[in-house]
Structures are given as structure tokens and as C-alpha cells.
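Asks: Starting off with a structure, shown below.
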Amino acid sequence: MKSCIIATGNELTEGIILDKNSKYLAEKLKYIGYDTLKITNVKDDLPLIKLSIQEALEMCDTIFITGGLGPTQDDLTVQAVSEICNIDIVLNEDLFEKIKQYYYNKSGKYLSILKKQSYVLKNAEILQNPIGSAPGQKVQVNDKTIYLLPGPYNEMKSIFDTYIYNELKRDVKSDEVEYSLYFYGLTEAELMQEVSVILKNIDYSTKIEEYIGPSLRIKMHKNADFEPILEKILSQFSKYFIGFKSLEITLFNTLMEASKTLSFAESCTGGMLSDTLVSIPGASNIFKGSVVTYSNDSKVKLLDVKKETIEKFGAVSEETVKEMAYGLKKIMQSDICVAVSGIAGPSSGSEQKPVGTVWFGFLTNEDFVALKEVFSGDRNEIRKRATYFAFWNILNLVRNQNP
């Protein structure tokens, strides 16, 4: 099955927001076996929206249009589909009552402008919006299916997950299975020089996971033997291999399997390690907490780092992250305590400690290891690189302790 996605809105074409809707839809469609041929961002312009729909109808079986279902004059999606597909627009009185009631419950007001959202394509299947006013719509045009979805991400996602995903999944019969492999500290070119030979005549694609390394997606018939392929790849790249899921999820799963707990003492990363980890459902099973000690004073007061240590060696030093890690251990009593202190920039660097210098301290029981890395990039990139470097080393630490 071939699909196209059209995301409408000036806020997209002017770079004000990122197109999260298309990313989400494309990922979900790929998972169930759809081949998304084209993703289009188009401004709120009727002729341009109509042109995008016409192009999609010529190449795809299923079309998703997000945005343009609101009550204002620049919400043009229903009109565009109507004119391209020669479908009448009709007032749905029941829908209008629901929209009015929804808005009244939310704001205590009735607004006449909302009536526009009740004008729908004739014979469309109405997909009720569980968390907003604009409903989704599904229409059949000859042998094509068009879904109209609201622009706000949470509303689009709610309608898609509630009404569309399982329906599409039932309709697609696939004999293929996809395997995903993730790697750290390796360039795409290094990976592909070997893998392109191993995977000759096999359907695969690569992607750079930002600040981490390449990932590899391999499609095979469900009855094909994947193990010999995996063995060949890992014979070349086992020391870079994260697993079959992203770095943070693999780390979480590995900690769960080993029944290990984790805590962070963060300075230059400012809570980024914690934030990344707790985005995973169930993180409370392995994550005890963190202390963000950005200033030298907070390192002394909260983590019992000695003033003399900072004065002699500096906040960005092996000695300081060691004392941070041991101070964290006293507070959290975690199996693994990780301390991070560095210079994210753009200023405060020196010849001895340039911008991007980060020290890491890893404490397990009474075994302590310190590592230093100098990362490139701007302030945010250095913090992200430091976060994933810490995760990668924690993952290897746990794996080595629990082979």
C-alpha cells in the first residue's frame, strides 16, 4: 500500500514549528507495512493545497492531510478536497451541537465562528476528536482513501490512534519483517563499507541517530534466516553495537534485566541525562533521582565536594567528578552513580581545558572509573553528546558486570 502525507499551514512553511504530524504518521505507517512515497508541507493557499492533493491522488492509495480544519478563513482543507474530488460540503447539525457543547464546557462561551467546523464532506465518515473541537474525516474517492486530520499534534495523534491505526493494520498483509540495529561511535561510511557487501541483494536503509551513530534497518521475508546476517555484521562491529532499540531504551532494558538502579550528579548537562531517561515509561523502576549542581557552591553544599579540590584541580576534573559521584552515592544509594562536569561553552574554555571538555565519573559499589572527552559543536550539541556518551558507557559497564 502506498501513502502520501500532506501537512498544511503557514507555520510549517515559515519554519515556525516542526512537522511532528508527518513524522508520527510516517513512522506508524511504515511499521504496519505502508510505503510513504511523499511528504508535503504546503502553506495555507487553496490552489497549492489542491495541487498537492491532485499529485497525491495520482501516486498513492491512501492520503493523509493534516491541518486546515479549524474555524478561520485560512482553514481550507475541506474546501480543497471538495473542489478536487467533486464532493459537496454539507452542514452536520449533530456535529455542530457537539462542537458548541465542547467549547462551552471548555470556556463557558458559544462562538458562532465554530460553525465552520461542522461543514463536512458529504458521505464522509466523521472521526470524533476526543480532545479538541475539529473532527477528522474519512472519504472514499474511487479506489482512494483520504483522511482529513486536525493540525494540533495531540489531536491528530488521538484521532489516528483511536480510529485509523488498527483499521489500516487489519487491511495490510505483509510477508516482510524489519530488523533495526543501532550503533554508537561509528560513522555511517565506516558501517556501510562493510555492510553494503554483507547485505547485497537485501533491502536495507541507514539513518544517522543524532549524536550517537548510525542505525541500520533490514527488511527480509518473515521466513528468511536473519541470524547469519546478524553474525556477519556483528563480527565486524560488535564493539559499537547498542542493540535492537535506541540507546536510552536499550540502557533502560539492560538495567531492568540486571536489577540495577541509577542516579546522576549533573553539572554542564543541567539535567539532560535525567530528562532523557525519564522520558521512557517505567523509568522509576531503575532511576532513583539526580542532583543538578551547576555552580561550584552547590557541588560543595549538596555533594560534599571539597573546596580545596575545586580550587586545586577545577570543577572540570577527574578529582571533582570523583567526589561528586561519592557524594551522590551517600544521597541516593544507587547501584550506579554517574557524575558529569564540563565546559559546554561558548565561553570559559582555556588552552588546557577547551570548550567541549567533559569529565565523567562512574561509581559502582566501590569501583570508580573516570573518563574525559572533548566534544565538538555548540552548547546544546556538547550537552547532548555528553548525555549519550554517558549512556553508552553506563550500558557497557552494566554489560561487563552482567555478561
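Asks: Quick check: is even one residue across region 309-325 more than 30 Å from Gly243 (Cα to Cα), among the charged types (D, E, K, R) and outside any helix (DSSP H, G or I)?
Replies: no
Asks: Now for a separate question. Is it the case, given these coordinates, that Glu167 is in the same structural domain as Tyr211 (by TED's automatic domain parsing) and surrounded by fewer than 17 Cβ atoms within 10 Å (Cβ to Cβ)?
Replies: Values: in the same structural domain as Tyr211 (by TED's automatic domain parsing): no; surrounded by fewer than 17 Cβ atoms within 10 Å (Cβ to Cβ): yes.
Spelling it out, it is not the case that Glu167 is in the same structural domain as Tyr211 (by TED's automatic domain parsing) and surrounded by fewer than 17 Cβ atoms within 10 Å (Cβ to Cβ).
Asks: Further question on the same structure: Give region 75-106 a look and list any residue that's assigned to a loop (DSSP other than H, G, I, E, B) and either surrounded by 14 or more Cβ atoms within 10 Å (Cβ to Cβ) or in contact with a Cys (Cβ under 9 Å, 6 or more places away or on another chain) (or both), or say none. Walk me through it before giving the result.
Replies: Here is the first cut: in region 75-106, the residues assigned to a loop (DSSP other than H, G, I, E, B) are 75-76, 86-88, 92.
If the condition is that a residue be assigned to a loop (DSSP other than H, G, I, E, B) and either surrounded by 14 or more Cβ atoms within 10 Å (Cβ to Cβ) or in contact with a Cys (Cβ under 9 Å, 6 or more places away or on another chain) (or both), then Asp75, Leu76, Ile87, Asn92 are the ones that fit.
Asks: So which residues in region 1-49 are of a type in the set (S, T, N, Q), under 19 Å from Thr145 (Cα atoms) and part of a strand (DSSP E or B), if there are any at all? Give the steps one after another, and end with the answer.
Replies: Let us first name the residues in region 1-49 that are of a type in the set (S, T, N, Q), namely 3, 8, 10, 13, 21-22, 36, 40-41.
This time we only want the ones that are under 19 Å from Thr145 (Cα atoms), so: 3, 8, 21-22, 36, 40.
Passing the criteria: Ser3, Thr8, Thr36, Thr40.
Asks: Which of the residues that make up region 133-158 are free of Cβ contacts under 8 Å to residues at least 40 places away in the same chain and surrounded by fewer than 17 Cβ atoms within 10 Å (Cβ to Cβ)?
Replies: Correct list: Gln140, Asn142, Asn154.
Asks: Against the conditions (1) in contact with a Phe, Trp or Tyr (Cβ under 8 Å, 6 or more places away or on another chain); (2) closer than 17 Å to Ala315 by Cβ; (3) outside any strand (DSSP E or B), where does Val358 fall short? Just the number, please.
Replies: Here Val358 meets the rest and fails (3).
Asks: Which of the residues belonging to region 107-143 are under 27 Å from Leu57 (Cβ atoms), part of a loop (DSSP other than H, G, I, E, B) and either among the basic types (Lys, Arg) or over 35 Å from the mean Cα position of the chain (by Cα) (or both)?
Replies: Lys122, Asn123, Asn142
Asks: What are the pairs, 6+ residues apart or on separate chains, where a residue within region 358-379 that is in contact (Cβ under 8 Å) with a residue 24 or more places away in the chain has its Cβ under 6 Å from a residue that is loosely packed, with under 15 Cβ neighbours inside 10 Å?
Replies: Listed by first residue and then by second, the contacts come to Trp359/Lys372; Phe360/Leu371; Phe362/Val369.
Asks: Look through Ser215, Ser238, Ser246, Ser263 and report the one residue that is farther than 29 Å from Met332 by Cα and either crowded, with 19+ Cβ neighbours inside 10 Å or under 23 Å from the mean Cα position of the chain (by Cα) (or both).
Replies: Details: Ser238 fails: either crowded, with 19+ Cβ neighbours inside 10 Å or under 23 Å from the mean Cα position of the chain (by Cα) (or both); Ser246 fails: farther than 29 Å from Met332 by Cα; Ser263 fails: farther than 29 Å from Met332 by Cα.
Just a single option satisfies the conditions, and that option is Ser215.
Asks: State all residues of region 279-308 that are assigned to a loop (DSSP other than H, G, I, E, B) and among the β-branched types (Val, Ile, Thr); if no residue qualifies, say none. So that I can check it myself, show each step before the final result.
Replies: First, the residues of region 279-308 that are assigned to a loop (DSSP other than H, G, I, E, B): 279-282, 286, 293-295, 304-306.
Passing the criteria: Ile280, Ile286, Thr293, Val305.
Asks: So Ser174 passes all but one of these: (1) in a loop (DSSP other than H, G, I, E, B); (2) touching a strand residue (DSSP E or B) at 6+ places or on another chain (Cβ under 7 Å). Which condition number does it fail?
Replies: Tallying (1) in a loop (DSSP other than H, G, I, E, B); (2) touching a strand residue (DSSP E or B) at 6+ places or on another chain (Cβ under 7 Å), Ser174 fails exactly one: (2).
Asks: Still on this structure, please answer the following. Is there a residue being of a type outside the set (S, T, N, Q) and over 13 Å from Val340 (Cβ atoms) anywhere in region 293-300?
Replies: First, the residues of region 293-300 that are of a type outside the set (S, T, N, Q): 294, 297, 299-300.
Those left that are additionally over 13 Å from Val340 (Cβ atoms): 297, 300.
Taking every residue of region 293-300 in turn, at least one turns out to be of a type outside the set (S, T, N, Q) and over 13 Å from Val340 (Cβ atoms).
Asks: Under the condition of being surrounded by 17 or more Cβ atoms within 10 Å (Cβ to Cβ) and not small (Gly, Ala, Ser), which residue from region 42-60 is farthest from Met220 (Cα to Cα)? Can you show your working first?
Replies: Taking region 42-60 as the starting set, the residues that turn out to be surrounded by 17 or more Cβ atoms within 10 Å (Cβ to Cβ) are 42, 44, 49-50, 52-53, 56-57, 60.
Adding the requirement that they be not small (Gly, Ala, Ser) leaves 42, 44, 49-50, 53, 57, 60.
Working: Val42: 35, Asp44: 41, Ile49: 37, Lys50: 38, Ile53: 33, Leu57: 29, Cys60: 24 Å.
Ranking the qualifying residues of region 42-60, first place goes to Asp44.
Asks: Next question. Of the residues Ala344, Ala325, Ala386, Ala390, only one is within 31 Å of the chain's Cα centre (by Cα), within 23 Å of Glu257 (Cα to Cα) and buried (at least 23 other Cβ atoms within 10 Å of the Cβ); which? Before you say what the answer is, go through the steps one by one.
Replies: Working: Ala344 fails: within 23 Å of Glu257 (Cα to Cα); Ala325 fails: within 23 Å of Glu257 (Cα to Cα); Ala386 fails: within 23 Å of Glu257 (Cα to Cα).
When all the criteria are applied, what remains is Ala390.
Asks: So, of the residues in region 287-302 that are within 32 Å of the chain's Cα centre (by Cα) and of a type in the set (Ser, Thr, Tyr), which turns out to be nearest to Met256 (Cα to Cα)?
Replies: Out of the qualifying residues, it is Ser290.
The values are calculated or read from the model by the stated rules, or taken from the named source; none is laboratory data. The shown structure was predicted, so the numbers you read here are calculated from the model rather than taken from an experiment. Don't worry about glycine lacking a Cβ; one is built from the backbone with ideal geometry, like all the others, and counts go over all protein chains shown.
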